[in-house]
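Inspection log for the structure reproduced underneath, given as structure tokens.
The values are calculated or read from the model by the stated rules, or taken from the named source; none is laboratory data. Model, not experiment: these values are computed from the prediction. Please note: Cβ atoms are built from the backbone with ideal geometry, for glycine as well, and neighbour counts cover all protein chains shown. With ligands, DNA and RNA removed, areas are computed over all heavy atoms of the protein, side chains included. Shrake-Rupley method; radii C 1.70, N 1.55, O 1.52, S 1.80 Å.
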Amino acid sequence: MRPKILISRRLPQAAVDRVARDCDVDHNEANIPLKAEELKQRLQGKQGLICLLTDKITDELLDGLTELKVVANVAVGYDNIDVPAATRRGIMVTNTPEVLTETTADFTWALLMAVARRVVEGDAYARSGEWKEWMLLEFLGSDVYGKTLGIMGLGRIGRAVARRAAGFNMRMLYHDAFRPAPAVERELKVEYRDKESVLREADFVTLHTPLIPETRHYISTKELRLMKRTAFLINASRGPVLDEEALAQALKEGVIAGAALDVFEQEPKIHPGLIGMRNVVLAPHLASASIETRTAMSMLAADNAVAAVLGQRPPTLVNPEVWKG
Ligand code: GLV
């Protein structure tokens, strides 16, 4: 019997075809998330699930799904999945690392440049019909080259951001709970600092930590108050890493100069205090959204799911302790 896989949202056809080669596919092509009850109902009798970060894979959802072998997330972050609950039930969880690293770092830079150089404000003004003369003293932003970049989290994406910063001749500071080998620091030209020093010294602080209990509200009022009044904050990690209420308040009081955000605490909701601010650039969780990368993520998730249901080790397994070989 061919294994059965549920694909919870619309995926590129190549990834669906990849799954269909070896498995029977139930594909939610509606492209809106399935409600928890429908997700559970459609998972009955399935061996695999390919899901997006909008699907909440809870203990309750997994309860009673005795045939389920794998939950394959189409994302590198997997905070939408209760991994311990899956592990307890012997269900494999997979993610999509590596394939999105460079694309996400590119977009981090797009956000950084956009907020520093007021690209979005300038675009709105250029379209408005109000532009009459070239102006010497309007829309003045902040230089990027030669400034200090503070990287919170020197994982794959943080490192890719650092490599790009070298081209801007920036001084680079970072903080991470796990300090890499000295050779990595030397190669990237990054200097380790404690969290507070990075916040105090950086002109741009960019967040690249996963969302885990220790990083929830990693940046809140206290941290924002340590930053320079001229500094900018960039977040392309996960929304809850940043306390949005604290950020809205800090921006209102001029505690920092601006922010550029790709992720939010309760997507797709955005704190109303941020919406009207000219010194905030907002994006709807786009950092990995290139054609090539979203396709590669979907293909990797398909490979993970198919391998698992066929009894092979998935290429990017998050909870290897359930792998019995
Ligand atoms: C996107 O946010 C991802 O985690 O891949």
Practice item. Compute the acute angle (0 to 90°) between the alpha-carbon long axis of helix 13-22 and the principal axis of greatest extent of the alpha-carbon atoms of the chain; round to the nearest 10°. Key: 30
Revision key, fill the gap. Calculated from DSSP helices alone, with each H run of at least 4 adding -39500 (n - 2.57) and the total divided by the residues of the chain, [θ]222 nm to the nearest 500 comes to -10000 deg cm²/dmol
Exercise for review: For segment 100-174, just run the numbers: alpha carbon Rg, then divide by 2.2 N^0.38 Å, N being how many residues it has.
Suggested key: 1.34
**Study point:** Loop-resident sites, segment 203-243, for trypsin sites (Lys or Arg not before Pro), counting at most 12 other Cβ within 10 Å (DSSP)
**Key:** R229
**Study point:** Around T215: net Lys/Arg minus Asp/Glu count, Cβ-Cβ under 14 Å
**Key:** -3
**Study point:** Solvent-accessible ranking of W134, W323, largest area first, probe 1.4 Å
**Key:** W134, W323
Review point. Against the longest alpha carbon principal axis of the chain, how many degrees, from 0 to 90 and to the nearest 10, is the axis of helix 119-128 turned?
Key: 80
Review point. What are the trypsin sites (Lys or Arg not before Pro) within segment 250-309 that DSSP puts in a loop, where the Cβ has at most 11 other Cβ atoms within 10 Å?
Key: R278
Check your understanding: At what distance in angstrom do the alpha carbon centres of segment 89-164 and segment 226-256 lie from each other?
Key -> 15
Review point. If you count the DSSP beta bridges with both ends in the chain, what percent of them are antiparallel, to the nearest 5?
Key: 5
Review point. Once the piece of chain linking S290 and Q249 is laid out straight, how much longer is it, given 0.36 nm per residue of separation minus the C-alpha distance between them?
Key: 11.5 nm
Review point. With the other protein chains left in place, how much accessible area per residue, in square angstrom, belongs to the chain at a 1.4 angstrom probe?
Key: 49
Review point. Mean separation of Cα pairs under 8 Å and 6+ residues apart, divided by the residue count of the chain: what relative contact order is that in percent?
Key: 20
Study note, to complete from the structure: To the nearest 20 debye, the chain has a Cα-centred charge dipole, built from +1 on Lys and Arg Cβ and -1 on Asp and Glu Cβ, of 400
Check your understanding: What's the FRET efficiency of F139 with T230 using the Cβ-Cβ distance as r and R₀ = 22 Å, to the nearest 0.05?
Key -> 0.85
Check your understanding: Points 7 angstrom from Cα along the Cβ direction at Q13 and D63: gap in nanometres?
Key -> 4.2
Point to revise | Rough spin-label spacing in nm, given labels placed 7 Å along Cα→Cβ, for A126 and K269 | key: 3.5
**Study point:** Nearest-0.05 FRET efficiency for V119 and E191, computed from C-beta distance (R0 35 Å)
**Key:** 0.75
**Study point:** Selection from N80, A160, F107, by position along the positive dipole direction of segment 55-200 (Cβ)
**Key:** A160
Study note, to complete from the structure: Contact order relative to length for segment 1-136, counting C-alpha pairs under 8 Å separated by 6 or more residues, stands in percent at 18
Exercise for review: Provide the convex hull volume over Cα atoms per residue for the chain, in Å³.
Suggested key: 152
**Study point:** Carbon + sulfur, % of accessible area of the chain - ligands and nucleic acids excluded, 1.4 Å
**Key:** 54
Practice item. Report the longest stretch of the chain that contains none of the GluC sites (Glu not before Pro) sitting in a DSSP loop with at most 16 other Cβ atoms within 10 Å. Key: 139-252
Check your understanding: Based on the Cβ-Cβ distance of T221 and K324, what FRET efficiency does E = 1/(1 + (r/R0)^6) give at R0 = 51 Å, to the nearest 0.05?
Key -> 0.60
Review point. So which chymotrypsin sites (Phe, Trp or Tyr not before Pro) in segment 138-174 are both in a DSSP loop and have at most 10 other Cβ atoms within 10 Å of their Cβ?
Key: Y145
Study note, to complete from the structure: One would report the antiparallel percent of DSSP beta bridges in segment 101-282, rounded to the nearest 5, as 5
Revision key, fill the gap. For segment 101-282 the mean separation of alpha carbon contacts under 8 Å (6+ apart) over residue count, i.e. relative contact order in percent, is 21
